[in-house]
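Student: Starting off with a structure, shown below.
The values are calculated or read from the model by the stated rules, or taken from the named source; none is laboratory data. It should be emphasised that the depicted structure is a prediction, and the values quoted were computed from it without experimental measurement. Side chains included, ligands, DNA and RNA excluded: accessible areas come from the protein's heavy atoms. Shrake-Rupley method; radii C 1.70, N 1.55, O 1.52, S 1.80 Å.
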Amino acid sequence: MSALTEFLLSNVVTYGAPVFGLTLLVAAAGVPLPTTFLVVAAGAFSQQGIFDGLPAFLLGLVGAILGDSLDFWAGRYGRRWVLRRFGGLVSWHRAEVIFHRRGGLAIYLTRFLLTALALPINLIAGTSGYSFPRFLLYDVFGEATWLIVYGGLGYLFGTQWELVSDLISNFGGLALGIAILVAGVYLWHRAR
Amino acid sequence: MEEKPEDSIVLKSREPTRIWIIILLAIGAGMVILFGLRSLHSYRRIHEAGVRPFALHPDRRSPHVATDVEELRPWMTVPQVAKMYAVPEDYLFQVLNISPAENRHKSLQIINREIKPGVKGYVIEKLKQAILQFQREHSLPEHAPAITP
């Protein structure tokens, strides 16, 4: 476990839900922090009675949504520059159309399964002119799924949460690898 | 001579080249192999450790109270340890001979650095002995008392 993870865990244990929510906000805004690990830990702490699960869930949800919204608006702010640079490309227009059609699924899945892609997806959603209320809707569902599923696993496995968290982290990497492989195969077939 | 419509958008095509697709496939395959093996290893570790939802340690009488002192970690705080093992906070602070007011927000690692800088793991070892002794002398309650902030 890294010194940063230990520092975060100590502070979440000591100061509870507000620090948990703040950490998720900072991470969702783009700072690489081990948040899935922290969510599993929060579930376990809740089972042990170290802190109350409901405020942690609510503040965590608010923090994650605020962080994602910051990315979205950063993307929206940069839209003019991106359009000037890439707006004339067929691939950009095609990507925009696809994102408008399937972006909801991408937003939902990157909240809890392909978490490494959450930040780029938030930025792309903002840059591509995707509707903010729609983004928010999928974001709320996705972040709630993340907190309930992983926090729930921490709650179920209690003091053994570290082992479970390790499996989740590796499984996340595997899911991302599969997604990249599928994207590669798709592009290969299209290029032929 | 060909005429170009003035108000039509001129779209340029820039398809990903084969080399980039091959790089993408190689990264994907590498990640699948690496994380696939690591996931398998993690699953085996969980299986070997006998981890189950709400699993009870042989000595544990309540799912809310821990008894295995090997679960102590340097990032934990004294109130958290007290809560986990259903041991009074004051008793643990007394064992470590430190003030509760000044140390309740510090991690065990920081406390260790302050009271025994040269001896790594001193605080954890001391707490393990104290918890085991307390649990031998007292029966475990069904629910541990709440942590006061």
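Student: Which order do A:V62, A:V164 take by accessible area at a 1.4 Å probe, largest first? Show your work: numbers first, answer last.
Tutor: On the way: A:V62 80, A:V164 10 Å².
Ranked from most to least accessible, the order is A:V62, A:V164.
Student: List the residues whose amide H sits under 5 Å from the amide H of A:L89, counting only those 5 or more places along or on another chain, with H placed 1.01 Å from N in the peptide plane.
Tutor: B:K12
Student: Let me ask something else about it. Lysine pairs in the protein assembly as shown with alpha-carbon atoms under 27 Å apart, 8 or more places apart or on different chains: how many are there?
Tutor: So the count works out to 13.
Student: So, one more: Please calculate how many Å² of accessible area segment A:3-191 carries per residue, with a 1.4 Å probe and no DNA, RNA or ligand atoms counted.
Tutor: On the way: 8490 Å² over 189 residues.
Using a 1.4 Å probe on heavy atoms only, each residue of segment A:3-191 averages 45 Å².
Student: Can I ask one more? What list of ³J(HN,Hα) values in whole Hz, one per residue of segment A:127-134 in order, does the Karplus curve 6.51 cos²θ - 1.76 cosθ + 1.60 (θ = phi - 60°) give from phi, with Gly and Pro shown as x?
Tutor: With coefficients 6.51, -1.76 and 1.60, one gets 5, 7, x, 4, 5, 5, x, 5 Hz.
Student: Residues of segment B:16-38 losing 40 Å² or more of accessible surface, assembly versus chain alone, probe 1.4 Å, please list them.
Tutor: Buried by the other chains: B:R18, B:I21, B:L24, B:L25, B:M31, B:V32, B:F35.
Student: Still on this model: Compute accessible area for segment A:8-28 by itself and then with all protein chains, 1.4 Å probe, and report residues whose area falls by 40 Å² or more.
Tutor: Checking the loss per residue gives A:S10, A:V13, A:T14.
Student: Using a probe of 1.4 angstrom, how much of the accessible area of chain A is carbon and sulfur, in percent?
Tutor: Numbers: 6310 of 8830 Å².
Ligands and nucleic acids excluded, carbon and sulfur give 71 percent.
Student: Here's something else I'd like to know. Once phi is turned into ³J(HN,Hα) by the Karplus curve 6.51 cos²θ - 1.76 cosθ + 1.60 with θ = phi - 60°, what whole-Hz value does each residue of segment A:171-182 show in order, with x for glycine and proline?
Tutor: Result, rounded to whole Hz: 5, x, x, 5, 4, 5, x, 4, 4, 5, 4, 4.
Student: Using the heavy atoms of the protein chains alone and a 1.4 angstrom probe, what is the accessible area of segment B:69-137 per residue in square angstrom? Before the final figure, lay out the partial values.
Tutor: On the way: 3440 Å² over 69 residues.
That works out to 50 Å² for each residue.
Student: What are the residues of segment A:169-184 that lose 30 Å² or more of accessible area, with a 1.4 Å probe, going from their chain alone to all protein chains?
Tutor: So the qualifying set is A:N170, A:G173, A:L174, A:G177, A:I180, A:L181, A:G184.
Student: Computing the accessible area with a 1.4 Å probe over protein heavy atoms, can you report the carbon and sulfur percentage for segment B:69-137? Walk me through the intermediate numbers first.
Tutor: Values: 1690 of 3440 Å².
Within segment B:69-137, the accessible surface is 49 percent carbon and sulfur.
Student: Which whole-angstrom value gives the distance between the alpha carbon centres of segment B:20-39 and segment B:87-106?
Tutor: What the calculation gives is 49 Å, centre to centre.
Student: OK, next. Taking a probe of 1.4 Å and counting only protein heavy atoms, give the total accessible area buried between chains A and B in Å², rounded to the nearest 100.
Tutor: Numbers: alone 10910 and 11990 Å², together 18760 Å².
That pair of chains buries around 4100 Å² in total.
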